[in-house]
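*Asks:* Questions regarding the structure given below will be posed in turn.
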Amino acid sequence: MRTTLAACAALSLSGCGFLAFDDKSTSPESSPADIASGIPRAEQPAACATEGAALQVLGSGGPIAEAARAGTSYLLWIDGEPRLLIDAGSGSFLRYAEAGGKLETLDAILVTHLHADHAGDLIDVLNSGGFEGRSEPLVLVGPDAAPRFPGMSAFTQRLLGKEGGAFAYNGGYGDGTENKPELSVREITTAEGSADPIGLDVSNDYSVMAHPVHHGPVPALGYAIEIGDKSFVITGDQSALSERFLADLTGSKPTILFAHHVINGEDGQPRGLHRTPAQIGDLAGALEPGRLVLTHNMDRSLMPIDASLSAIAQSYPGEVSVAMDLDCYAL
């Protein structure tokens, strides 16, 4: 059995109690936002369940080195096996190792977009997986290209190409040689968030829909995953201009909505890139999830948490909690 989530108690804001509040620990790992009062935390198990499905937040942070939060990453567990990796942001490779991630059992790796805090540790996951002896091809999904952003295929080639790749020694991923599984790369058309959602055939145990979203000039995706009668939605980084995402998922009632909580509602925030807390509330109110989890957190979004929660509550009356690294949410 993989490493337990004992780290949850060490890293969380207030242990693992149900909607508990921070004890204002001043450990060296804490940032000002981590010791702020009033940050709601969801009840956490001692470990991800070995039966059923659960989504584990490997990295709950953003692009700035703040406290003990790694860059964005999620790991889907089914019956005790890691099956789907979504993003691999900077620093999340350590959390992937602590959680017991294995390339051998993954059905696919999904990337929301090619910012470093979402894809910076992808090479580390693949490098580690090269020691596992997997022979089956591995699906790798990501967005298409735009100025200054390569598409997923070009990104992978630049990273792993045998001729000229940054890590050419791992070039066996390109053709399934050198004791590496071949990467089956798929690019999703995004059209600044207006393109059609696409179903991804990665497993018979669950279904995945890739939803283009608006993230300024960055081609980007959100993902909706259904497992039996349960589901979760990961917004990815998106602005309120993600009108197609909203229209397609309104009333979908996911079990959990994981919303990227990057900015606060104050002036001067990059609203063309991200949703404000009020806009997260609007989205949650429309989708009607059973619960809302705020992740991809930054100090600038956590310090005014009371105002953010109040803004969210204007449109969404349900349960809201803030994720920390290695939190695990059973479906």
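The values are calculated or read from the model by the stated rules, or taken from the named source; none is laboratory data. Because the structure is a prediction, the values reported are computed rather than measured. Note that each Cβ is placed from the backbone with ideal geometry, even for glycine, and that neighbours are counted across all protein chains shown. Surface areas here come from the heavy atoms of the whole protein model, side chains and all, with no ligands, DNA or RNA. Shrake-Rupley method; radii C 1.70, N 1.55, O 1.52, S 1.80 Å.
*Asks:* Determine, yes or no, whether G61 is touching a His at 6+ places or on another chain (Cβ under 8 Å), farther than 14 Å from G236 by Cβ and not in a helix (DSSP H, G or I).
*Replies:* yes
*Asks:* A further question follows. Has the stretch 124-134 got any residue that is buried (at least 23 other Cβ atoms within 10 Å of the Cβ), under 30 Å from D79 (Cβ atoms) and not acidic (D, E)?
*Replies:* yes
*Asks:* Take the stretch 102-118 and flag every residue that is open to solvent by less than 10 Å² (accessible area, probe 1.4 Å) and either part of a helix (DSSP H, G or I) or touching a Lys or Arg at 6+ places or on another chain (Cβ under 9 Å) (or both).
*Replies:* L103, L106, A108, H118
*Asks:* Please go through the stretch 240-265 and give me each residue that is within 17 Å of the chain's Cα centre (by Cα) and surrounded by fewer than 24 Cβ atoms within 10 Å (Cβ to Cβ), ordered by number.
*Replies:* Once the filter is applied, which keeps residues that are within 17 Å of the chain's Cα centre (by Cα) and surrounded by fewer than 24 Cβ atoms within 10 Å (Cβ to Cβ), the stretch 240-265 yields P254, T255, I256, I263.
*Asks:* Can you name every residue in the stretch 220-239 that is open to solvent by 10 Å² or more (accessible area, probe 1.4 Å) and either in contact with a His (Cβ under 8 Å, 6 or more places away or on another chain) or of a type in the set (D, E) (or both)?
*Replies:* Passing the criteria: A224, E226, D229.
*Asks:* Which numbered condition trips up S315, out of (1) under 24 Å from A210 (Cα atoms); (2) more than 18 Å from the chain's Cα centre (by Cα); (3) of a type in the set (S, T, Y)?
*Replies:* Here S315 meets the rest and fails (1).
*Asks:* Can you spot a residue in the stretch 135-153 that is within 18 Å of L84 (Cα to Cα), among the charged types (D, E, K, R) and touching a strand residue (DSSP E or B) at 6+ places or on another chain (Cβ under 8 Å)? I'd like the intermediate steps shown before the answer.
*Replies:* Applying the first criterion (within 18 Å of L84 (Cα to Cα)) to the stretch 135-153 yields 135-143, 152.
The next check asks that each one be among the charged types (D, E, K, R); those that pass are 136.
Now narrow it down to the ones that are touching a strand residue (DSSP E or B) at 6+ places or on another chain (Cβ under 8 Å): none.
Scanning the stretch 135-153 turns up no residue that is within 18 Å of L84 (Cα to Cα), among the charged types (D, E, K, R) and touching a strand residue (DSSP E or B) at 6+ places or on another chain (Cβ under 8 Å).
*Asks:* Exactly one condition in (1) assigned to a loop (DSSP other than H, G, I, E, B); (2) open to solvent by 20 Å² or more (accessible area, probe 1.4 Å); (3) closer than 28 Å to R95 by Cα is not met by R300; state its number.
*Replies:* Against the list (1) assigned to a loop (DSSP other than H, G, I, E, B); (2) open to solvent by 20 Å² or more (accessible area, probe 1.4 Å); (3) closer than 28 Å to R95 by Cα, R300 comes up short only on (1).
*Asks:* Now, a different point. If you take the residues in the stretch 303-331 that are open to solvent by 10 Å² or more (accessible area, probe 1.4 Å), part of a helix (DSSP H, G or I) and in contact (Cβ under 8 Å) with a residue 24 or more places away in the chain, which one is nearest to A88 (Cα to Cα)?
*Replies:* In this case the residue turns out to be L309.
*Asks:* Any residue in the stretch 115-143 that is closer than 21 Å to A210 by Cα sitting within a Cβ distance under 6 Å of a residue that is open to solvent by less than 10 Å² (accessible area, probe 1.4 Å) and modelled with pLDDT under 95? List the pairs, counting only those 6 or more apart or interchain.
*Replies:* The qualifying pairs do not exist here.
*Asks:* Do any residues in the stretch 257-282 that are within 19 Å of S60 (Cβ to Cβ) and modelled with pLDDT of 95 or more have Cβ atoms under 6 Å from those of residues that are in a helix (DSSP H, G or I) and among the hydrophobic types (A, V, I, L, M, F, W, C), where the two are at least six apart or on different chains, and which pairs are they?
*Replies:* L257/A284; L257/L287; A259/I280; P277/A311; P277/I312; I280/I312
*Asks:* Before we move on, is T255 under 18 Å from D117 (Cβ atoms) and polar (S, T, N, Q)?
*Replies:* Spelling it out, it is not the case that T255 is under 18 Å from D117 (Cβ atoms) and polar (S, T, N, Q).
*Asks:* Please pick out the residue among Y173, Y169 that is outside any strand (DSSP E or B), open to solvent by less than 50 Å² (accessible area, probe 1.4 Å) and aromatic (F, W, Y).
*Replies:* Going through Y173, Y169 in turn, the sole match is Y173.
*Asks:* Of the residues in the stretch 183-202, how many are in a loop (DSSP other than H, G, I, E, B) and either without any contact (Cβ under 8 Å) to a residue 24 or more places away in the chain or open to solvent by 20 Å² or more (accessible area, probe 1.4 Å) (or both)?
*Replies:* 6
*Asks:* Further question on the same structure: Tell me yes or no: at least one residue of the stretch 160-170 is among the aliphatic types (A, V, I, L, M) and in contact with a strand residue (DSSP E or B) (Cβ under 9 Å, 6 or more places away or on another chain).
*Replies:* yes
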